[in-house]
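This report refers to the structure that appears directly beneath it.
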Amino acid sequence: MKLAVSVQGKDLNAQVDPRFGRAAGFLIVDEESLESSYLDNSAGINASHGAGIQAARTVADAGVGAVITGNCGPKAFQALQAAGIKIYTFEGQGSAAEAVKKFKAGQLTQTGGPSRPGHWG
Amino acid sequence: MVIAVASGKGGTGKTTVAASLASVWGGPITAVDLDVEEPNLHLFLKPVISGRATAEMEVPLADESRCNLCRACSDLCQFKAISVMGDVLLTFPEMCHGCGGCLAVCPEKALSPGVRELGEISWGRADRAGFLMGRLRVGEAMSPPLMRAVKVRLAEIQAREPGDVIIDAPPGVSCPAVNAVMDSDAILLVTEPTPFGFYDLKLAREAFEPLGRPMGVVVNRAGLGDRSVHDYCQESGLPILAEIGFDRRVAEAYSKGLIVAEALPEVRQTFLELADRARGLAQGTADA
Amino acid sequence: MPEILVISGKGGTGKTTLTGAFAHLASNKVVCDLDVDAPDLHLLLKPEPESVTEFYSGSEAVIVPERCDDCGLCAEMCRYGAVGRGPEGPVIDPLKCEGCKVCVHFCPAQAIDFPERHCGQWFISRTRFGPLVHAQLFPGQENSGRLVTLLRQKAREMAERDGRELILCDGAPGIGCPVISSLTGTDLAVVVTEPTPSGRHDLERVVDLCAHFRIRAAVIINKYDLNPEAAAGIEAYCRANGLDLLARLPHDPAATEAMVRGLVVTEYQTDGLAGLIRRAWAGIEALAGLKRAA
C-alpha cells in the first residue's frame with residue numbers, strides 16, 4: 001500500500017508537518033519497498049479556501065491507501081474518508097522515516113474523526 | 001423610487017433612519033430589510049407578518065452510479081464544492097455558489113439540482129408601510145444569495161402594489177452592502193462625526209461611487225465627536241441631507257424599540273425634511 | 001497559545017473601542033484587525049507598516065470584444081445577471097461577477113478571459129502596543145473570509161516565531177463569511193452588546209453562531225445605563241445560557257473623547273470607564289488561561 005506523510009522537507013529525513021491542508025508537501029511512500037517520491041502541496045497552501053479538500057485530492061490522485069499527519073480538519077477528513085483513505089495521527093516531532101516505521105509497527109492511532117475544528121475560508 | 005440607507009461603519013443608525021423615514025414617508029412605501037445577517041428593522045416597525053417562505057439555493061446532487069469520474073465538474077468548480085476523490089464523487093454543498101456550472105458540464109447526467117437552505121423571507125405590513133425582510137440561517141456563510149431571493153420577492157410585491165421602497169442595507173462596503181444598494185435610485189450614507197465614522201464614510205463613498213447613484217449623507221449623533229465628517233462632505237461635494245443631534249432621549253427611545261421620528265416631535269420634523277431631500281436626490285432635482 | 005476574538009453581531013456596540021483598550025492592556029501579543037471590510041482599529045493604533053502584500057483571490061470574467069461573436073450564451077448561462085451590454089457588445093459587470101467561470105468555459109468563441117482578482121492589501125505593522133496584522137479590502141470586493149483566514153495564519157506564524165502569548169483579534173459585524181472565518185478555531189469569543197432590541201437580537205444570533213462552531217463565548221454589555229432594564233434582561237439571558245458576563249460598561253463620552261484624540265480609553269484616563277475596562281480585561285485573561293501581567 002502507498003502512504004502519504006505530510007512533510008516539511010522533501011525526503012524520508014524530513015520532519016513530519018503537523019498540518020494536512022496547508023502542509024508544505026507530501027511524501028508518497030511505498031509501504032513495502034520504502035521507495036518514496038515527493039509531492040508539493042502548493043495547491044493546498046495557495047488555495048484561498050478549501051485547502052483541506054485540495055490536499056485530499058492531491059494525495060488521492062497519488063493512489064495512497066493511508067495518510068499520516070498531525071492534524072486534519074473536517075472537510076479534509078470527509079474527503080479522505082469518502083475516498084476510502086485511512087488517516088493516522090503522528091504526534092510530536094519526528095521524521096517521515098520514523099512515522100512510517102511506527103505505522104508499520106502498528107504504533108499509530110487511526111483517527112475516527114477530524115482532530116481540529118473546521119476552518120472556514 | 002428606491003432609497004437605500006447604508007453606511008461603511010456599523011452602528012451609525014441605518015435602521016434608525018430607515019424606520020423613521022418609512023414611518024413619515026407619505027405615499028405608498030415598502031420597507032425592506034436587506035441586512036439579512038442581523039435584521040433589525042422589524043424590531044422598530046413591528047410589522048404584522050402575513051407570509052413566510054424558506055429561501056433555498058440550488059446545489060449539485062450526485063448520482064454516483066452515473067458518474068464516470070471524468071472530473072469535468074471538479075475541474076470547473078471554482079469553489080471546491082465538488083471533487084472527485086480517487087473514484088468517489090464528493091460534494092460540499094456549503095461551499096457551493098449555485099453557478100450551475102457542474103450541472104451544465106457533466107456529460108453523464110450524474111448531477112441533478114438539490115437545495116441548500118439559505119434562510120427565511122417574510123413579509124407583511126407595518127401600519128401604512130409594506131414590509132419585507134430576509135433572515136439568514138445561522139451557519140450559512142453567504143448573504144448575497146438570500147439577498148437576491150428577497151429582491152425577487154420585492155419585485156413580485158411591487159408588481160401587485162407599486163410604490164416607493166426604502167432599503168435598510170447591511171453595514172460595510174463589500175459584496176453584501178454593494179448588493180443591497182446597487183439597484184437604488186439614491187443612497188443615503190449614515191455616519192457619525194467621529195474618526196471611525198469619517199474613515200468608513202470615505203470607504204463607503206469609494207465603494208458606491210462606481211454604481212453611479214446619487215449619494216447624500218445623514219449625520220447621526222451630531223455634536224459628539226469632531227468636524228472631520230463635515231469637512232470631508234464639504235470638500236468632496238457630498239450633500240449633508242440631515243443631522244440628528246446627539247440626544248440621550250433619542251438613544252433611550254431607540255433602546256426601547258421606538259421609532260425615533262414618532263417618539264420625539266423635533267426629530268419627526270428632521271425626518272420629514274430628510275424624506276423631501278431624499279426624494280429630490282433620487283429624482284435628480286437639486287435641493288441646495 | 002490562545003486566540004481571543006472580539007465580536008458583536010450588531011455593528012457599533014464598541015468592539016473596536018474595546019479591542020483597542022485590550023491591545024493596550026495585554027502583554028506580549030500580536031493584534032489582528034479581522035474587520036477587513038471596514039477596518040477601524042488602525043485609527044487608534046496608528047500602525048507603521050513594515051510590509052505590504054497584495055491580496056489576490058478568486059478570478060473575474062472579462063469579455064474580449066475582438067474575439068466575441070455576441071452569441072448571447074454567456075448572458076443566458078450567467079446566474080448572477082452579470083452580463084450587460086456596452087457600446088461594443090456584451091460586457092461583464094465586475095460587481096456582479098461571481099467568478100464561477102461558467103461563461104469562460106462555455107463561450108464558443110473562447111472570448112472570455114479569467115484573470116485573478118486583486119481584492120486588497122494586507123499589512124504587518126508596528127504599533128505602540130506591538131505588532132498589528134491588518135488589511136483593507138478594496139471597496140466592493142467579495143468578503144468571503146479568505147483574507148481573514150490569511151491574516152489569522154500570518155498572526156499565528158508571527159506569534160509562534162516571536163514567542164508571543166496571545167493573538168487578539170478585532171472582528172467584523174454580522175454572522176456571515178468573515179465572522180465565521182474569524183470564529184472557527186478561536187479560543188474565546190468576547191461578544192460586545194448593548195441594551196437595545198437590536199443589540200439583544202443580534203447578540204442571540206452571534207451566540208448561536210458561536211454555539212454552532214462550538215466556540216466559548218463571554219459577554220460585555222456596553223452602554224448599559226441607556227436601558228438598565230434591557231441590560232438586566234441580557235444578564236438573565238447570559239445566565240440562562242451559561243455565558244460569562246465580563247462587564248457592564250456605562251455609556252461614557254470618554255470613549256469618543258479618547259477616539260478623537262487617537263487614544264484608547266485606557267490611555268486617556270485611569271478611572272471611570274477605563275477602570276472598568278481593566279477589570280473586564282482581567283476577566284478575559286482568566287477565562288483564556290493567561291497569566292496576569294505583573
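The values are calculated or read from the model by the stated rules, or taken from the named source; none is laboratory data. Being a predicted model, the structure only gives us computed values, none of them experimental. Because the Cβ atoms are built from the backbone with ideal geometry, glycine has one as well, and the counts that use them run over all protein chains shown.
Just for strands (runs of 3 or more DSSP E) wholly inside the stretch B:1-108: which have at least 3 residues that are more than 14 Å from chain C (Cβ to nearest Cβ) and under 22 Å from the mean Cα position of the chain (by Cα)? Break it down into steps so the answer makes sense when it comes.
Details: elements: B:2-6, B:29-33, B:48-62, B:82-85, B:88-91.
So the answer is B:2-6, B:29-33, B:48-62.
Being part of a strand (DSSP E or B), farther than 30 Å from residue B:22 by Cα and modelled with pLDDT of 95 or more, is that true of even one residue in the stretch B:118-129?
Checked against the condition, which is being part of a strand (DSSP E or B), farther than 30 Å from residue B:22 by Cα and modelled with pLDDT of 95 or more, the stretch B:118-129 yields no hits at all.
So residue C:240 ticks every box in (1) free of Cβ contacts under 8 Å to residues at least 12 places away in the same chain; (2) of a type in the set (A, V, I, L, M); (3) within 14 Å of chain A (Cβ to nearest Cβ) but one. Which box is left unticked?
Every condition holds for residue C:240 apart from (3).
Can you pull out the residues in the stretch B:141-199 that are over 22 Å from residue B:237 (Cβ atoms), away from chain C (no Cβ under 14 Å) and touching a Pro at 6+ places or on another chain (Cβ under 6 Å)?
Matches in the stretch B:141-199: B:163 only.
Tell me, which residue of the stretch B:175-194 that is in a helix (DSSP H, G or I) and out of contact with any strand residue (DSSP E or B) (no Cβ under 8 Å at 6 or more places or on another chain) is surrounded by the most Cβ atoms within 10 Å (Cβ to Cβ)?
Restricting attention to the stretch B:175-194, the residues satisfying the condition of being in a helix (DSSP H, G or I) are B:175-181.
Within this subset, residues satisfying the condition of being out of contact with any strand residue (DSSP E or B) (no Cβ under 8 Å at 6 or more places or on another chain) are B:175-176, B:178-179.
On the way: B:175: 25, B:176: 28, B:178: 24, B:179: 23.
Among residues in the stretch B:175-194 that are in a helix (DSSP H, G or I) and out of contact with any strand residue (DSSP E or B) (no Cβ under 8 Å at 6 or more places or on another chain), the one surrounded by the most Cβ atoms within 10 Å (Cβ to Cβ) is B:176.
Any residue that is in a helix (DSSP H, G or I), touching a Leu at 6+ places or on another chain (Cβ under 8 Å) and more than 14 Å from every other protein chain (Cβ to nearest Cβ) - is there at least one of those in the stretch A:34-48?
Here is the first cut: in the stretch A:34-48, the ones in a helix (DSSP H, G or I) are A:42-46.
Imposing the further condition that a residue be touching a Leu at 6+ places or on another chain (Cβ under 8 Å) reduces the set to none.
No: the stretch A:34-48 contains no residue that is in a helix (DSSP H, G or I), touching a Leu at 6+ places or on another chain (Cβ under 8 Å) and more than 14 Å from every other protein chain (Cβ to nearest Cβ).
Take the stretch B:204-222 and flag every residue that is buried (at least 24 other Cβ atoms within 10 Å of the Cβ) and facing chain C (nearest Cβ under 9 Å).
B:204, B:207, B:208
Do we find that residue B:224 is among the hydrophobic types (A, V, I, L, M, F, W, C) and at pLDDT below 90 in this structure?
On the way: among the hydrophobic types (A, V, I, L, M, F, W, C): yes; at pLDDT below 90: yes.
Judged against the criteria, residue B:224 is a match.
Run down B:172, B:216, B:197, B:257 and say which single residue is part of a helix (DSSP H, G or I) and in contact (Cβ under 8 Å) with a residue 60 or more places away in the chain. Reasoning before the result, please.
Details: B:172 fails: part of a helix (DSSP H, G or I); B:216 fails: part of a helix (DSSP H, G or I); B:257 fails: part of a helix (DSSP H, G or I).
The conditions single out B:197.
Kindly state which strands (runs of 3 or more DSSP E) lie completely within the stretch C:138-229 and contain at least 1 residues that are under 13 Å from the mean Cα position of the chain (by Cα).
Working: elements: C:166-170, C:188-193, C:217-221.
Ranges flagged: C:166-170, C:188-193.
Please work out if residue B:101 is small (Gly, Ala, Ser) and within 23 Å of residue C:206 (Cβ to Cβ). Show your work before the answer.
Working: small (Gly, Ala, Ser): yes; within 23 Å of residue C:206 (Cβ to Cβ): no.
For residue B:101, the condition - small (Gly, Ala, Ser) and within 23 Å of residue C:206 (Cβ to Cβ) - is not met.
Quick one: is residue A:31 closer than 17 Å to residue A:9 by Cβ and surrounded by fewer than 22 Cβ atoms within 10 Å (Cβ to Cβ)? Steps first, answer last, please.
Working: closer than 17 Å to residue A:9 by Cβ: no; surrounded by fewer than 22 Cβ atoms within 10 Å (Cβ to Cβ): yes.
No, not satisfied.
I'd like to verify a number: residues in the stretch B:237-288 that are over 17 Å from residue B:23 (Cβ atoms) and surrounded by fewer than 14 Cβ atoms within 10 Å (Cβ to Cβ), how many?
Here the count works out to 8.
Among the numbered criteria (1) closer than 30 Å to residue C:108 by Cβ; (2) among the polar types (S, T, N, Q); (3) more than 8 Å from every other protein chain (Cβ to nearest Cβ); (4) outside any strand (DSSP E or B), which single criterion is violated by residue B:112?
Of (1) closer than 30 Å to residue C:108 by Cβ; (2) among the polar types (S, T, N, Q); (3) more than 8 Å from every other protein chain (Cβ to nearest Cβ); (4) outside any strand (DSSP E or B), only one is false for residue B:112: (4).
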